[in-house]
1. For the condition loosely packed, with under 11 Cβ neighbours inside 10 Å and assigned to a helix (DSSP H, G or I), what is the one hit in ALA31, ALA35?
2. Checking the structure you have, find out if any residue of the stretch 66-87 is of a type in the set (Lys, Arg) and over 14 Å from the mean Cα position of the chain (by Cα).
3. List every residue pair whose Cβ atoms lie under 7 Å apart, where the two residues are 6 or more positions apart in sequence or sit on different chains, the first residue falls within the stretch 20-46 and is in contact (Cβ under 8 Å) with a residue 60 or more places away in the chain, and the second residue, located anywhere, is open to solvent by 50 Å² or more (accessible area, probe 1.4 Å) and of a type in the set (Val, Ile, Thr).
Amino acid sequence: MCGPSVGTQRADPTCGYRVEVLPLDVSPEVAAALADGRPVVALESTIISHGLPRPDNLAAAQRFERILADRGVVAATVAVLDGRLKAGLSAEHLDRIA
């Protein structure tokens, strides 16, 4: 490490820049599944926010999560909202990024 870490800033080993460490909010459902050793799958959110047109994007996100739930897997859709990294989005969050 080239220099000391400061607050949420971590020194980059290449010394070229500092990397911001985002706070992570894990949904209660995802946290419980992880604690219980149940399967969790991370789903990226850019397909929802940028990849598909409305209203297909929200319907697709809901369908992806339902497919996993039907198989006993907890979906942890990941997005940055209000400067916070979220793992496991609520229906309101999904609607917001769609």
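1. ALA35
2. Among the residues of the stretch 66-87, at least one is of a type in the set (Lys, Arg) and over 14 Å from the mean Cα position of the chain (by Cα), which makes the answer yes.
3. LEU22/VAL80
Residue-wise test of (1) without any contact (Cβ under 8 Å) to a residue 12 or more places away in the chain; (2) in a strand (DSSP E or B); (3) under 13 Å from GLU44 (Cβ atoms); (4) out of contact with any Lys or Arg (no Cβ under 9 Å at 6 or more places or on another chain).
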{"position": "ALA59", "(1), (2), (3), (4)": "yes, no, no, yes"}
{"position": "ARG63", "(1), (2), (3), (4)": "yes, no, no, yes"}
{"position": "ALA69", "(1), (2), (3), (4)": "yes, no, no, yes"}
{"position": "ALA75", "(1), (2), (3), (4)": "no, yes, yes, no"}
{"position": "VAL80", "(1), (2), (3), (4)": "no, yes, yes, no"}
{"position": "LYS86", "(1), (2), (3), (4)": "no, yes, yes, yes"}
{"position": "LEU89", "(1), (2), (3), (4)": "no, no, yes, no"}
{"position": "ASP95", "(1), (2), (3), (4)": "no, no, no, yes"}
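The values are calculated or read from the model by the stated rules, or taken from the named source; none is laboratory data. This one's a predicted model, so the numbers in the text were calculated from it and none came from an experiment. Cβ: placed from backbone, ideal geometry, glycine included. Neighbour counts: every protein chain shown. The area values use the complete protein model at the heavy-atom level, side chains included, leaving out ligands, DNA and RNA. Shrake-Rupley method; radii C 1.70, N 1.55, O 1.52, S 1.80 Å.
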